[in-house]
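Notes for the one structure printed next.
The values are calculated or read from the model by the stated rules, or taken from the named source; none is laboratory data. As the structure is a computational prediction, the values presented were derived from the model and not from experiment. Heads up, the Cβs are rebuilt from the backbone with ideal geometry, glycines too, and the neighbour counts pull from every protein chain shown.
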Amino acid sequence: MDRNIGFKERRYIEELRILTKATALDCIIDEKFERVIYIIRPGDMGFAIGKKGENIRRMQNVLGKRIEMVEYSEDRDEFIANIFRPVSISRVEKDPVSGLLTISLRKRSELGTAIGKKGANIEKARLLIRKFWGEEIGELMVLEEDA
């Protein structure tokens with residue numbers, strides 16, 4: 001679990017605090033997808049997003065990168081659900097042999113959203129789960145078929 005925060009990340013966290021009055025616990029600069037992923041303190045998401053998303057737009061203009069935010073939770077499964085929001089996560093199970101996580105979605109129609117364009121959402125989940133929980137995602141699966 002690599003939880004150290006570098007100078008650039010600290011600067012981005014402070015920028016968020018100044019512009020939005022929200023507290024970020026951490027941030028990840030994802031160069032591959034040209035984005036900054038903020039992990040927001042529980043209860044601060046409203047401040048961080050702002051009315052009609054105005055704070056996110058302002059941060060994107062200041063930093064020149066896409067901004068994504070995930071609300072932190074002490075509960076691993078709830079944190080994973082927050083990462084994939086608005087996709088509905090049914091359950092998270094850890095394989096006893098491989099130690100990999102299997103994430104079950106409620107609807108097949110949400111699988112594409114969970115993976116994201118060019119795999120951006122699943123990559124965000126991998127980065128955050130590795131950093132905060134020291135675990136790896138094995139697979140995404142659909143629990144029940146859409147009728």
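What to note about this one:
- The listed residue being part of a helix (DSSP H, G or I) and either modelled with pLDDT of 90 or more or surrounded by 14 or more Cβ atoms within 10 Å (Cβ to Cβ) (or both), out of Thr113, Thr102: Thr113
- If the condition is being assigned to a helix (DSSP H, G or I) and within 20 Å of Glu110 (Cα to Cα), then the stretch 45-87 contributes Asp77, Glu78, Phe79, Ile80, Ala81, Asn82, Ile83, Phe84.
- Beta carbons closer than 9 Å, at least 6 apart along the sequence or on distinct chains, pair a first residue in the stretch 93-106 that is without any contact (Cβ under 8 Å) to a residue 12 or more places away in the chain and over 15 Å from Gly134 (Cβ atoms) with a second that is among the polar types (S, T, N, Q) and surrounded by 15 or more Cβ atoms within 10 Å (Cβ to Cβ) for Glu93/Thr102; Glu93/Ser104.
- For the criterion of being assigned by TED's automatic domain parsing to the domain that holds Asp30 and basic (Lys, Arg), Arg108 fails.
- For Phe84: the one exception among (1) assigned by TED's automatic domain parsing to the domain that holds Met45; (2) in contact (Cβ under 8 Å) with a residue 24 or more places away in the chain: (1)
- Of residues in the stretch 45-94 being farther than 14 Å from Ala22 by Cα and either in contact with a Gly (Cβ under 6 Å, 6 or more places away or on another chain) or among the polar types (S, T, N, Q) (or both), the one surrounded by the fewest Cβ atoms within 10 Å (Cβ to Cβ): Asn61
- If you check Arg57, Arg85, Arg41 for being within 14 Å of the chain's Cα centre (by Cα) and over 22 Å from Glu123 (Cβ atoms), only one passes: Arg41.
- Residue, surrounded by the fewest Cβ atoms within 10 Å (Cβ to Cβ), within the stretch 21-42, restricted to residues that are out of contact with any Lys or Arg (no Cβ under 8 Å at 6 or more places or on another chain) and in contact (Cβ under 8 Å) with a residue 24 or more places away in the chain: Lys32
- Test result for Phe47, touching a residue at least 24 places away in the same chain (Cβ under 8 Å), under 18 Å from Arg130 (Cα atoms) and hydrophobic (A, V, I, L, M, F, W, C): no
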